[in-house]
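A short worksheet on the structure shown next.
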Amino acid sequence: MTEVLTLSEAARIVRCKPQTLVRAIKAGVAPGRLLSPGGRSWRIPRAALLDWLAGREPQSAEAEPGERE
């Protein structure tokens with residue numbers, strides 16, 4: 001199962017303010033999504049966040065563990 005972070009948890013990993021991370025997510029630069037349209041609760045997959053920080057392309061969430069290269 002994929003570990004999912006709250007906005008605050010992800011911002012601590014990135015070492016930025018949560019609002020800075022929200023701007024990056026909204027711009028399509030960082031991974032993440034709202035739980036509901038118009039909502040305020042963001043969730044960020046930990047693996048995608050770490051890939052983004054490392055400059056790697058994120059792995060597909062739909063891929064089975066054995067399918068990733």
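The values are calculated or read from the model by the stated rules, or taken from the named source; none is laboratory data. Every value quoted in this text rests on a predicted model; they were computed, and no experiment measured them. Don't worry about glycine lacking a Cβ; one is built from the backbone with ideal geometry, like all the others, and counts go over all protein chains shown.
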Item to check | Subset of segment 10-51 that is in contact (Cβ under 8 Å) with a residue 40 or more places away in the chain and of a type in the set (A, V, I, L, M) - its residue that is surrounded by the most Cβ atoms within 10 Å (Cβ to Cβ) | outcome: Ile44
Checklist entry - Given the structure, is Ala54 among the aliphatic types (A, V, I, L, M), over 13 Å from Val4 (Cβ atoms), exposed (fewer than 10 other Cβ atoms within 10 Å of the Cβ) and at pLDDT 90 or above? => result yes
Checklist outcome for this item: Within segment 3-46, the residues that are in a loop (DSSP other than H, G, I, E, B) and within 11 Å of the chain's Cα centre (by Cα) are Glu3, Gly28, Val29, Ala30, Pro31, Gly32
